[in-house]
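Since the structure comes first, as structure tokens, the remarks are kept for the end.
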Amino acid sequence: MYIYYRPVSLFTSFSKIFEKFICTRLDHHINNNHIPVNEQFDFRHASSTDIGSYKLTKNILTALNNKLLVGGIFCDLHKAFDCVNHDILLSKMEFYGISVKANNLIKSYLQDRYQRVLVDLHSNKYYSESGKNLLPSVLNQNTNATDLHVSHENRQISSIHSTTFLGLVIDNNLSWHCHIDQIIPKLNKASYVIIYLKLLLSFESSKMVCFSTVHSIISYGIIFWSISTHSRITFKIQKRIMRIITNSCNKDSC
């Protein structure tokens, strides 16, 4: 479906520098005035998704140790950047002290930005809010101090056994089996690619391929899911890939 094709923006060097400059000034104002809420982990200095995942799992384990019933409601905004109301966003930025000229600058950045993508000779016009550096910092203000009201009357809230939170698949037992089962096929695909590229690449190039494919998959959230007994499968695949790169035998230690 065409709606899943997102245009890619190619900015000039001057535009990138100008955008980075505005982003730096905006982050400086936001952090110095302690505007972000503590529950905001993405696109913030000295914060990460690992911290968010740690706080969630800590709260769950603490409640379970106290013999409490634990439940969670997760909201996944499809194409979240496209769901933002610009008028509300600009009014919030004005409330936080970003007003007059600075607010008008952000307004001009958000409005009248269009791109066109040609697919099978049909011209499709997409509303595009492009920007690698500035856009996340701006849209973070839309999630700040927002209350979520959940209505359950006359509607049954269905329960699920697992859900994705900040890139980690969390199951109802915190066993991390679902997350590990998700990354195992990715590691096997990476292993398959490295087997064939090994014949064409040098040792250093093979290490670069391994780092960009295998390491990025294994390292994310490893402080959480590596404690699972199910994780030994992923580390066996990792050892197999290391033996492929180093031309080692199956019984060689890695």
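Every number in this text was worked out from the coordinates using simple rules, so none of it is lab data. Source: prediction; values computed, not measured. In this analysis, Cβ positions are derived from the backbone assuming ideal geometry, glycine residues included, and neighbour counts consider all displayed protein chains.
Quick notes
- Partners of Lys107 within straight-line reach, counting lysines whose Cα lies under 24 Å from its Cα and excluding those fewer than 8 residues away in the same chain: Lys16, Lys20, Lys79, Lys92, Lys125, Lys132.
- With a Förster radius of 41 Å applied to the C-beta separation of Asn65 and Asn247, the computed FRET efficiency comes to 0.25.
- Phi angles of the stretch 47-56 translate, via the Karplus equation with coefficients 6.51, -1.76, 1.60 and θ = phi - 60°, into HN-Hα couplings of 9, 7, 5, 5, 5, x, 5, 5, 5, 5 Hz per residue; Gly and Pro are given as x.
- Ranked by the mean number of other Cβ atoms within 10 Å of their residues, highest first, the peptides 60-67, 175-182 fall in the order 175-182, 60-67.
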